[in-house]
1. Among the residues of segment 99-130, which ones are farther than 19 Å from GLY173 by Cβ, small (Gly, Ala, Ser) and in contact with an Asp or Glu (Cβ under 8 Å, 6 or more places away or on another chain)?
2. I need a count of the residues in segment 10-34 that are in contact (Cβ under 8 Å) with a residue 40 or more places away in the chain, part of a helix (DSSP H, G or I) and surrounded by 15 or more Cβ atoms within 10 Å (Cβ to Cβ).
3. Can you confirm whether segment 250-264 contains a residue that is buried (at least 22 other Cβ atoms within 10 Å of the Cβ) and within 16 Å of ligand 1 (Cβ to nearest atom)?
4. Any idea which residue in segment 140-168 is nearest to LYS300 (Cα to Cα), counting only those that are surrounded by 22 or more Cβ atoms within 10 Å (Cβ to Cβ) and out of contact with any helix residue (DSSP H, G or I) (no Cβ under 7 Å at 6 or more places or on another chain)?
5. Would you check if GLY173 is farther than 21 Å from SER271 by Cα and crowded, with 19+ Cβ neighbours inside 10 Å?
6. Please identify the pairs in which a residue from segment 74-95 that is not assigned by TED's automatic domain parsing to the domain that holds MET205 has its Cβ atom under 7 Å from the Cβ atom of a residue that is surrounded by fewer than 17 Cβ atoms within 10 Å (Cβ to Cβ), counting only partners at least 6 apart or on another chain.
7. Out of VAL142, VAL200, which single residue is part of a helix (DSSP H, G or I), at pLDDT below 95, away from ligand 3 (no atom under 16 Å from the Cβ) and at negative phi?
8. For segment 251-290: of the residues being part of a strand (DSSP E or B) and within 25 Å of THR18 (Cα to Cα), which is modelled with the highest pLDDT?
Amino acid sequence: MGKGSFFPDVSRRDFIKTCLTVSAMLGLPASMVSTVAAAAEKKDNRPTVIWLHFQECTGCSESLLRSSHPALGTLILDMISLDYHETLMAGSGHQAEKSLHDSIHANKGKYILVVEGAIPTKDNGIYCKVGGKTALESLRTVGEGAAAIIAVGTCASYGGIQSVGPNPTGAVGVRDIIKDKPIINIPGCPPNPYNFLSTVLHYVMFNKLPALDQLGRPLFAYGRKIHEHCERRAHFDAGRFATAFGAASHAEGYCLYKLGCKGPATYANCSVVRFNDGVAWPIGIGHPCIGCTEPELLFKTAIADKVQIHEPTPFDSYAPVDLKDKGKGPAPLTTGVMGLAAGAAIGAGVMMARKLPDGPGKGDDHGSAE
Ligand code: FSX
Ligand code: SF4
Ligand code: F3S
């Protein structure tokens, strides 16, 4: 247990690191970290959340709540009052359905509905049923009393893999069904847990949803393309491309565009926030971005197909490419990270959070980052 921390199992240091990252992501000044921390710790301010699962793989819940770093999942679960979640709750059968029914009526007009998975619409929606009700019925019933709906993952946002042609079940996203509620999409297959956490914290702090783009995604997380902050961008600008998986050009960290990278057409912050406590992301480990946050890219454009480049001009804060480094391996990563830190406040904030020392005995709490 973390001594001095409001959250059991989260050390004060990990908590402050997480709040620092959230502040940077939301574009708040560093001085507001304590406001973010206070919002996260406010017990009487916890929004009631009902979480429904439809057509999906549950990777979104796994990514959000079972993250390798316990602070994130714990914070998410402690910051909300989670009344119903089909894969997490202890109750089952009629007991579970009763708690859903009771929560809807006790919190009418005030709860947040989180939807994970696509909704099949063909043949009256019979292709997905939970508790005897179709996904379509549940979404309409539970959605009616919600203050806002968060569609988590690409399936709930746009239909995801289930909606790929010929789309035998008529799978669609939440926004194709519900038209009269604020809906926020947090796409990604799976999405980054920080994008969900920051959205909830924004709601708790400001009592409103963050600004969205035309696809309903929070601008703070999906306002820029992967390509703008990619650690391989310097290679793209210098025309150095990996030509085949396993080739020397691939091993040397060259740009993955010619292997089908969708980064130039994909809006997301993976290149800055990354996954697994900030250590890994697809392009960083050598796989092209497959555009998992984009409705027309994920599973709808062949992985090897190249996307069109609309803005070929180099991002102006990137460090110059030193061609003498050719073949030295890690140098490309260094140039990319330098450009990232120089060019983007969010990157700087996230990097700062990562640099906070873990202190003695990582996971316990013998010191304070404050
Ligand atoms: Fe979809 Fe989420 Fe991809 Fe899976 O639940 S966005 S298939 S990671 O898990 O909905
Ligand atoms: Fe990075 Fe892909 Fe852009 Fe290359 S094409 S710089 S790998 S995002
Ligand atoms: Fe998805 Fe591309 Fe990020 S595949 S996880 S948007 S790097």
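The values are calculated or read from the model by the stated rules, or taken from the named source; none is laboratory data. Computed from a predicted structure; not experimentally measured. Cβ atoms come from the backbone with ideal geometry, glycine included; neighbour counts cover every protein chain shown.
1. SER99, SER103
2. Count: 13.
3. Checked against the condition, which is being buried (at least 22 other Cβ atoms within 10 Å of the Cβ) and within 16 Å of ligand 1 (Cβ to nearest atom), segment 250-264 yields at least one hit.
4. Checking each candidate, the answer is SER163.
5. For GLY173, the condition - farther than 21 Å from SER271 by Cα and crowded, with 19+ Cβ neighbours inside 10 Å - is met.
6. If the second residue must be surrounded by fewer than 17 Cβ atoms within 10 Å (Cβ to Cβ), no pairs are left.
7. Selected residue: VAL200, the only one of VAL142, VAL200 that is part of a helix (DSSP H, G or I), at pLDDT below 95, away from ligand 3 (no atom under 16 Å from the Cβ) and at negative phi.
8. TYR267
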